[in-house]
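Colleague: My structure is below; once you've seen it, I'll send some questions.
Just so it is clear, none of the values below were taken in a lab; they were calculated from the coordinates. Predicted, not measured: the structure shown is a model, and the values here were computed from it. Backbone-built Cβ (ideal geometry, glycine too); neighbour counts: all protein chains shown.
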Amino acid sequence: MTDAAPTTVPDETALFHRAARRNRFTAREATVVAVTSPAPEYVRLTLTGPDFADFTSTGPGDHARTFFPDPRTGELVAPVATGPGEDGIVRPQAPTFGRDFTPLHVRDEDGRRFVDLDILRHDSPGPAAQFAATAAVGDRLVLVGPRGSTSATQNAPRVVLVVDGTSLPAAGRWLAEVPASTDVEIIVWGHAVEAAHAYLSGFADRAFGLHSAGRGEGDHGGVDLVAALETVGVDAATYVFAAGEASALVPLRRHLRHTLRLPREQYAVSGYWRIGVEAWDHHAPIDPIDPD
Ligand SMILES: Cc1cc2nc3c(=O)[nH]c(=O)nc-3n(C[C@H](O)[C@H](O)[C@H](O)COP(=O)(O)OP(=O)(O)OC[C@H]3O[C@@H](n4cnc5c(N)ncnc54)[C@H](O)[C@@H]3O)c2cc1C
């Protein structure tokens with residue numbers, strides 16, 4: 001579940017304000033037009049398609065539900081748009097293979113809009129990581145969303161990002177989307193800090209602090225996100241974004257909520273995947289005993 005701050009009474013001058021917008025919600029057919037590697041740990045797919053002209057993503061925590069072919073049959077089953085320019089999708093009856101990825105570098109070139117997805121290679125590859133491993137120009141996918149976008153805070157003087165390999169793309173967006181004057185500190189876990197630095201440097205030519213909370217093994221042994229956060233420090237003017245493996249985030253979320261007692265608008269915690277769970281639903285509570 002994403003702990004996004006409530007936005008019912010937006011005050012654009014508030015310290016932790018994050019502008020929220022709604023995007024047209026549709027299913028877009030996408031063709032892979034380039035397969036590159038921004039770092040050895042990632043496969044970058046560059047996508048475009050006939051309905052990409054209004055593909056919009058203005059938030060670093062955005063995701064597009066990306067539908068991949070059945071890894072056994074190669075058949076792509078995915079939602080379809082209700083109609084040209086309309087808001088809505090029709091979901092198929094047959095099983096689908098949808099996974100969430102962070103839209104990167106949305107840009108227009110030669111009259112077409114392009115978006116990148118950086119897919120982490122990992123040890124238990126499902127449909128997404130398997131597809132990425134052999135992806136080729138001309139392959140087809142379907143993207144649903146982002147349904148909405150919540151922009152990076154423009155007012156907080158300091159932002160702390162707590163991320164693993166799946167949320168480093170989001171951290172790259174944070175670096176590029178906060179003002180140049182914002183002090184950004186990044187705590188990375190489950191990923192080599194040198195590799196994280198090289199990857200993040202591709203997003204913005206700016207200074208940032210980078211700290212390791214440990215590589216961890218399958219059960220995140222040795223990773224202590226609370227200790228890492230305490231070392232970096234959180235004051236009344238610091239916004240905290242944390243995302244990655246859901247169970248590792250539970251102690252951190254409890255620390256933010258119950259030890260530091262941060263107001264809801266001062267942090268966002270989002271489970272991006274969960275050890276041992278295929279197609280983790282990030283709407284599910286990461287902490288069942290403290291879900292709200
Ligand atoms: C908002 C949001 C944004 C995201 N952005 C990105 C992104 O930009 N790039 C990216 O790579 N991922 C991103 N993710 C995470 C990605 O959706 C998951 O890692 C997804 O499960 C990968 O799909 P899969 O088909 O390879 O594995 P699945 O079929 O979902 O899972 C198969 C097995 O692999 C395990 N697994 C899944 N991911 C990992 C991992 N990273 N490391 C080790 N084991 C894993 C599962 O626990 C399961 O046991 C994002 C998730 C969310 C919610």
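Colleague: Please report the antiparallel percentage of the DSSP beta bridges confined to the chain, to the nearest 5.
Modeller: That works out to approximately 60 percent antiparallel.
Colleague: For Phe25, list long-range residues whose amide hydrogen, built 1.01 Å from N in the peptide plane, is under 5 Å from its own amide hydrogen.
Modeller: For Phe25, the qualifying residues are Gly88.
Colleague: To the nearest 20 debye, what charge dipole does the chain have about its Cα centre, counting +1 at the Cβ of each Lys and Arg and -1 at the Cβ of each Asp and Glu?
Modeller: On the way: 26 positive and 38 negative charges, 73 e Å.
Using only the charged Cβ atoms, the result is roughly 340 debye.
Colleague: Ok, one more. What does the helix-only formula give at 222 nm for the chain: each DSSP H stretch with n ≥ 4 adding -39500 (n - 2.57), the total divided by the residues, and the result rounded to the nearest 500 deg cm²/dmol?
Modeller: The helix-only estimate for the chain comes to -4000 deg cm²/dmol at 222 nm.
Colleague: Another one. With springs only between Cα atoms under 10 Å, which of Leu117, Leu262, Leu104 fluctuates most in a Gaussian network model of the chain?
Modeller: Result: Leu262 has the largest fluctuation of those listed.
Colleague: Something else: When the chain is treated as a GNM, springs tying every alpha-carbon pair under 10 Å, which of Val277, Val137, Val80 comes out with the largest mean-square fluctuation?
Modeller: Maximum fluctuation in the GNM of the chain, among the listed residues, is at Val277.
Colleague: Here's something else I'd like to know. For the chain, set up a GNM with springs between Cα atoms under 10 Å and report which of Ser149, Ser124, Ser247 has the largest fluctuation.
Modeller: Ser124
Colleague: Rounded to the nearest 10 degrees, what's the angle between the helix 168-177 long axis and the longest principal axis of the chain, both from Cα atoms, 0 to 90?
Modeller: In the chain, helix 168-177 runs at an angle near 80 degrees to the longest axis.
Colleague: Can I ask one more? Can you give the longest run of the chain that contains no GluC sites (Glu not before Pro) sitting in a DSSP loop with at most 15 other Cβ atoms inside 10 Å?
Modeller: 87-216
Colleague: Now a separate question. Fewest first, what order do Tyr267, Tyr42 take by the number of other Cβ atoms within 10 Å?
Modeller: Arranged by neighbour count, lowest to highest, Tyr267, Tyr42 become Tyr42, Tyr267.
Colleague: What list of ³J(HN,Hα) values in whole Hz, one per residue of the stretch 190-205 in order, does the Karplus curve 6.51 cos²θ - 1.76 cosθ + 1.60 (θ = phi - 60°) give from phi, with Gly and Pro shown as x?
Modeller: x, 7, 5, 5, 5, 5, 5, 5, 4, 5, 5, 5, x, 9, 7, 8
Colleague: Distances over 25 Å make up what percent of all Cα-Cα pairs in the chain?
Modeller: Of all Cα-Cα pairs in the chain, 46 percent lie more than 25 Å apart.
Colleague: Also, I was wondering about something else. Could you list which residues have their amide H under 5 Å from that of Gly126, counting only those 5 or more apart in sequence or on another chain, with H placed in the peptide plane?
Modeller: none
Colleague: Go through the stretch 98-110 residue by residue and turn each phi into a ³J(HN,Hα) via Karplus (6.51, -1.76, 1.60, θ = phi - 60°); whole Hz please, and just put x for glycine and proline.
Modeller: Per-residue couplings from phi come out as x, 9, 9, 9, 8, x, 10, 6, 4, 8, 10, 9, 6 Hz.
Colleague: For the stretch 276-285, in order, what is each residue's ³J(HN,Hα) by Karplus, 6.51 cos²θ - 1.76 cosθ + 1.60 with θ = phi - 60°, in whole Hz (x at glycine and Pro)?
Modeller: Along the stretch 276-285, the couplings run x, 10, 7, 6, 3, 8, 6, 7, 5, x Hz.
Colleague: Once the dipole of the chain is set up with Lys and Arg at +1 and Asp and Glu at -1 on Cβ about the Cα centre, which of Leu168, Thr96, Leu262 lies farthest towards its positive end?
Modeller: Of the options given, the answer is Thr96.
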